[in-house]
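The structure appears below as structure tokens.
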Amino acid sequence: MLERLAYFIKTHLPGVFPAIAYVGQWVTVLRFSRRRAEALSEASVQGEVAGQCAVMRPLGLDDLDALQGFIKAMPASHLAYFHPHGFGRADLTAVLRSRSFMTYGVFIEDALAAYALLKLAPTGSAFIGLLVGPEHTGKGLGRFIVEYLYWQASLAGLRTRSTISRHNAASLRSHQAVADFAVIAELPNDYLMIEFPRVGRDRPVLGL
């Protein structure tokens, strides 16, 4: 499996990985740019969280300061299992510009409360990533985000996958609450690669 090989190279041969990732990004853009744009055009979902107005929508460069501040404010424990990209300003700028990522934010009363992404692979997989602010954990927001990302990936015709630590109980619960998933590979450092059933999904309702 190409994704498992890529994970092995990233963790064991980090000096080689950037060149492979660069080629993979361009293949991804060529294959999925149109489908990605179509899914993002449908992506805004409005609702409420704990009685407050909320919206989940795609992120752009105008959101860079909000995203950087959000990540800087995260306790180290929240970032322990979240490392899909670097957190410096240049790293975040590159991610927000990249057409091999689909990035989203949950805004509650205009404040960024959660960050989520799909990292697209040239094989047609979309890997989930999400980060919920500590003041909004335990309210079902993680479950909503997983369902939302699953829906966005299905709109783009992509397989929804995730690499997740066996020790990340909160994330495992969020995934299990949305749908049964299959473990398709066991990875180094007690990580699993999981995949959701490849079926269409309805637009999720943001009401928590």
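For the range 110-121, the set of residues classified as at pLDDT below 95 and either more than 16 Å from the chain's Cα centre (by Cα) or surrounded by fewer than 17 Cβ atoms within 10 Å (Cβ to Cβ) (or both) consists of Asp110 only.
Condition check: closer than 16 Å to His83 by Cβ, outside any helix (DSSP H, G or I) and in contact with a Phe, Trp or Tyr (Cβ under 6 Å, 6 or more places away or on another chain). Does Leu130 satisfy that? The answer is no for Leu130.
Residues that are modelled with pLDDT under 80 and surrounded by 15 or more Cβ atoms within 10 Å (Cβ to Cβ) within the range 154-175 comprise Asn168, Ser171, Leu172, Ser174, His175, listed in sequence order.
Counting only residues that are closer than 19 Å to Phe70 by Cα, surrounded by fewer than 18 Cβ atoms within 10 Å (Cβ to Cβ) and either touching a strand residue (DSSP E or B) at 6+ places or on another chain (Cβ under 7 Å) or polar (S, T, N, Q) (or both), how many does the range 122-138 have?
Going residue by residue through the range 122-138, those that are closer than 19 Å to Phe70 by Cα are 128-138.
Narrowing further to those that are surrounded by fewer than 18 Cβ atoms within 10 Å (Cβ to Cβ): 134-135, 137-138.
Next cut, either touching a strand residue (DSSP E or B) at 6+ places or on another chain (Cβ under 7 Å) or polar (S, T, N, Q) (or both) only: 137.
Adding up the residues that qualify gives 1.
From the set of residues in the range 38-70 that are without any contact (Cβ under 8 Å) to a residue 60 or more places away in the chain and in a loop (DSSP other than H, G, I, E, B), which is farthest from Phe87 (Cα to Cα)?
First pass over the range 38-70, keeping only residues without any contact (Cβ under 8 Å) to a residue 60 or more places away in the chain: 41, 44, 51-53, 57-69.
Checking which are in a loop (DSSP other than H, G, I, E, B) leaves us with 41, 44, 51, 59-60.
Numbers: Ser41: 26, Ser44: 25, Gly51: 31, Leu59: 15, Gly60: 16 Å.
Looking at residues that are without any contact (Cβ under 8 Å) to a residue 60 or more places away in the chain and in a loop (DSSP other than H, G, I, E, B), I get Gly51.
On inspection, Val183 passes the criterion of being without any contact (Cβ under 8 Å) to a residue 60 or more places away in the chain, surrounded by fewer than 21 Cβ atoms within 10 Å (Cβ to Cβ) and not hydroxyl-bearing (Ser, Thr, Tyr).
What residue, of Gly140, Gly157, is closer than 22 Å to Glu48 by Cα, touching a residue at least 40 places away in the same chain (Cβ under 8 Å) and over 15 Å from the mean Cα position of the chain (by Cα)? Working first, answer last.
Details: Gly157 fails: closer than 22 Å to Glu48 by Cα.
Answer to the check: Gly140.
The values are calculated or read from the model by the stated rules, or taken from the named source; none is laboratory data. Keep in mind the model is a prediction, meaning the values are calculated, not measured. Cβ atoms come from the backbone with ideal geometry, glycine included; neighbour counts cover every protein chain shown.
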